[in-house]
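One structure below.
Please treat every number below as a calculation from the coordinates, not as lab data. Predicted, not measured: the structure shown is a model, and the values here were computed from it. Here the Cβ positions follow ideal geometry from the backbone for every residue, glycine too, while neighbour counts run over all protein chains shown.
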Amino acid sequence: MPEFNGMLRSKLPQAGTTIFTVMSALANEYKAINLSQGFPNFECSPKLVSLVNEYMKKGFNQYAPMQGIMPLREIIAAKMQDLYGATYNPEKEINITAGGTEAIYAAITAVVHEGDEVIIIEPAYDCYVPAIELSGGIPIYVQLKAPTYSIDWEEVKKKVSHRTRMIMINTPQNPTGAVMTEKDMKQLDNITKGTDILVLSDEVYEHIIFDGLKHQSVCRFPGLAERSFVVFSFGKTYHATGWKMGYVLAPEKLMKEFRRVHQFIVFTVNTPLQYALAEYMENKDEYLGLADFYQQKRDYFIHLIKGSRFKFIPASGSYFQLLDYSAISKEKDTDYAIRLTKEIGVASVPVSVFYHEQLDNKFLRFCFAKTNETLEQAAEKLCTIK
């Protein structure tokens, strides 16, 4: 086929292939243990798979309503009331989405205009900034404070201007595993109170939180909830990331704008999966037991690598653990991650890629949502590093 030789101006000139794709491809090439991309290597519930199959056989294979099926929205509303004391109208304030990423993109696209500023807390998941830039918005960065990765709210206040349209938060946080506290939420409430600033809260790891901590959803705080899009993930909760199923909550006024955009991105999402999830969510233990399940994974992984030269603070949430390799090498984290994959046989993600200026603190991110056998094999390799 002949090449197109006309003028083409990229809308994302700085964007390349995501680091997750790069590191997973490298892991495959070198037959390395892949602890880079954030997905479980164990199966989701056979019962849930059976329910999907059941609804397919029953003929639930055509378009669902754009907002999502009502039984799923109703059980989500009940869950939010039970967990966070938050009341959301399932008809007007809940929408099923094609994963958390689509929800984030649609929310940003719906309300961010040319020249609007959006405050980003970094290191930040890599889909945030491209969505802002595609809408003509301007990302404004505030760095979490290592090694605990806490938020400096005084710095956030300084970054707020008359052009601030939105503040984005993520708790539990990817990639650091940090968790926002009640005090953090009250600080955010104080900053946004009496303003037109919106909040986009990425809470896809809401159930993966450790050491007795409680997830401080913005839904718990009425002053924040009234100005917030809140994003959740079925894939993270039910070990089915490939299904790309999520949902977003927002007050009616914001949800109207969200739906204007959502309908033209995907219109609606997988119908039999929605019916299966609605039925499966009736068993609350499946998500209420997730914290204990993943804390065992985290504890086992850090137990296995205690004899290594890596340093770490146990993650407070998510299924990622940061490891500090500064005692091992002075290489850039991108170079070291590649070498670790090729020579040691364990793939990770360098944390610098989550910063707009590629800040290198000598940390790598490892996903522990893996079988114990996989974690044992990876840890054995990591412990051989001198």
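Some observations on this one:
- Looking at the chain alone, DSSP beta bridges between its own residues are antiparallel in about 45 percent of cases.
- For segment 347-363, Karplus couplings with θ = phi - 60° (6.51, -1.76, 1.60), whole Hz, Gly/Pro x: 9, 9, 10, x, 6, 4, 5, 8, 10, 5, 9, 6, 4, 10, 9, 6, 10
- The GluC sites (Glu not before Pro) of segment 86-179 meeting both criteria, a DSSP state outside H, G, I, E and B (loop) and at most 13 other C-beta atoms within 10 angstrom of the site's C-beta, are E91, E114.
- Adding -39500 (n - 2.57) for every DSSP H run of four residues or longer, then dividing by how many residues the chain holds, sets the calculated 222 nm ellipticity at -11000 deg cm²/dmol.
- Label-point separation in nm, K256 to N61, each point 7 Å along Cα→Cβ: 3.9
- Fraction in percent of alpha-carbon pairs per bin - 10 Å, the chain: 5, 23, 32, 26, 13, 2, 0
- The fraction of Cα-Cα pairs per 10 angstrom bin, counted from 0 for segment 162-271, comes to 13, 42, 34, 11, 0 percent, rounded to whole percents.
- Shown here for segment 308-383: GluC sites (Glu not before Pro) in loop regions (DSSP other than H, G, I, E, B) with at most 14 other Cβ atoms within 10 Å, namely E357.
- Evaluated with a Cβ-only charge set (Lys, Arg +1; Asp, Glu -1), the chain carries a dipole of roughly 300 debye about its Cα centre, given to the nearest 20.
- In this simple spin-label model, placing a label point 7 Å from the Cα along the Cα-to-Cβ direction at both K157 and K193 gives a separation of 1.3 nm.
- Annotation for segment 1-97: trypsin sites (Lys or Arg not before Pro) lying in DSSP loop with at most 13 further Cβ atoms inside 10 Å of their Cβ are R9, K11, K31, K58.
- By average C-beta atoms within 10 angstrom, highest first, the peptides 283-291, 197-205: 197-205, 283-291
- Projected over all directions and averaged, the alpha-carbon convex hull of segment 252-311 occupies 8.1 nm².
- Fully extending the segment from H356 to D126, taken as 0.36 nm per residue of separation minus the present Cα-Cα distance, adds 81.8 nm.
- The alpha carbon convex hull volume per residue for segment 1-140 rounds to 254 Å³.
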